[in-house]
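Structure, as structure tokens:
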Amino acid sequence: MIQVVYSTQHWIVPRIVMAIIAILLIAIVVTEGTARVKAGGSFLVKPGKFFIDNCDHVKLWGTLVLFIGYIFCLDIIGFTVTSIVFVFLFNVLYAGTEKKSLILSVILAVVSSVLISVLFGVVFNITLPDGFCTMAFPDFGFTIY
């Protein structure tokens, strides 16, 4: 029987997804390599250009840095506050810094993060990453992670 620790159950699905992605990566490398060998080439060949001409490197690398930062900060800060900050930063990265965009980004970040936190953490009773910004409300019987 599988033993699941309640405080770490939120890491079950990400680990399953990471394993599936790793298996699919291996499958892609093997199928592409065998196709190259059948065509008379080498199994591992240096591909051509990776980026298209005039791609937006700021958004590409900004997304990568923000995503890694989000994953790193989840267990330190907590789900809700980290999500508010990083959803806002993603919106700023893609929508810009006009006054209307910033106001909409703040509203979207706060509403979506709190809604997801309450839905999963309170309604479905699923643990979310907690940190120093986790807020417990023992009188009401729930926690905002």
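The values are calculated or read from the model by the stated rules, or taken from the named source; none is laboratory data. Note that this is a predicted model, so its numbers are computed, not measured. Note: ideal-geometry Cβ built from the backbone for every residue, glycine included; neighbour counts use all protein chains shown. In case anyone asks, the SASA skips ligands and DNA or RNA and just uses the protein heavy atoms, side chains included. Shrake-Rupley method; radii C 1.70, N 1.55, O 1.52, S 1.80 Å.
Classify the stretch 88-145: rounded, prolate or oblate, from the alpha-carbon gyration tensor (a ≥ b ≥ c, eigenvalue square roots; a/c under 1.5 rounded; otherwise prolate if a/b is larger than b/c)? Provide the component values of the computation, followed by the final result.
Working: a/c = 2.84, a/b = 2.75, b/c = 1.03.
The shape class here is prolate.
Just read off the accessible area of Thr34 with the full protein assembly in place, 1.4 Å probe, to the nearest 10 Å².
Roll a 1.4 Å probe over it and Thr34 shows about 60 Å².
Over the chain, what percent of the accessible surface lies on carbon and sulfur atoms, probe 1.4 Å?
The computed percentage sits at 75.
Accessible area, 1.4 Å probe, largest first: how do Phe140, Phe79, Phe90 sort?
Working: Phe140 160, Phe79 30, Phe90 55 Å².
The residues order as Phe140, Phe90, Phe79, largest area first.
Using a Förster radius of 30 Å, what is the FRET efficiency between Thr34 and Trp61 based on their Cβ-Cβ separation? Nearest 0.05, please.
Values: r = 33 Å, r/R0 = 1.09.
So the FRET efficiency works out to roughly 0.35.
If you take the square roots of the eigenvalues of the alpha-carbon gyration tensor of the stretch 37-100 and sort them as a ≥ b ≥ c, do you get rounded (a/c under 1.5), prolate (a/b over b/c) or oblate? Don't skip to the answer; put the middle values down first.
On the way: a/c = 5.30, a/b = 1.91, b/c = 2.78.
Since a/c reaches 1.5 but b/c is at least a/b, the shape of the stretch 37-100 is classed as oblate.
Once Rh for the chain is found with the Kirkwood sum over Cα pairs, what is the Stokes-Einstein diffusion coefficient at 20 °C and 1.002 mPa s, in µm²/s?
115 µm²/s
At 1.4 Å probe radius, can you tell me the per residue accessible area of the chain in Å²?
Ligands and nucleic acids excluded, the figure is 75 Å² per residue.
I need the phi-derived Karplus couplings for the stretch 79-87: 6.51 cos²θ - 1.76 cosθ + 1.60, θ = phi - 60°, integer Hz, Gly and Pro marked x.
The phi angles translate into 5, 5, 5, 4, 5, 4, 5, 6, 5 Hz.
Relative to the Cα centre, what is the charge dipole magnitude of the stretch 1-117, using +1 at the beta carbon of each Lys and Arg, -1 at the beta carbon of each Asp and Glu, and rounding to the nearest 20 debye?
Dipole about the Cα centre, nearest 20: 260 debye.
So, counting K/R as plus one and D/E as minus one, what does the shell of residues with Cβ under 15 Å around Trp11 add up to?
-1
Which one, Ile52, Leu89, Leu74, is farthest towards the positive end of the dipole of the stretch 31-118 when Lys and Arg carry +1 and Asp and Glu -1 on their Cβ?
Result: Ile52, furthest along the dipole toward the positive end.
Cα gyration tensor of the stretch 12-56, axes a ≥ b ≥ c as square roots of the eigenvalues: rounded (a/c below 1.5), prolate (a/b > b/c) or oblate?
oblate
Compute a Gaussian network model of the chain, connecting alpha carbons closer than 10 Å, and tell me which residue from Gly121, Gly78, Gly40 fluctuates the most.
Gly40
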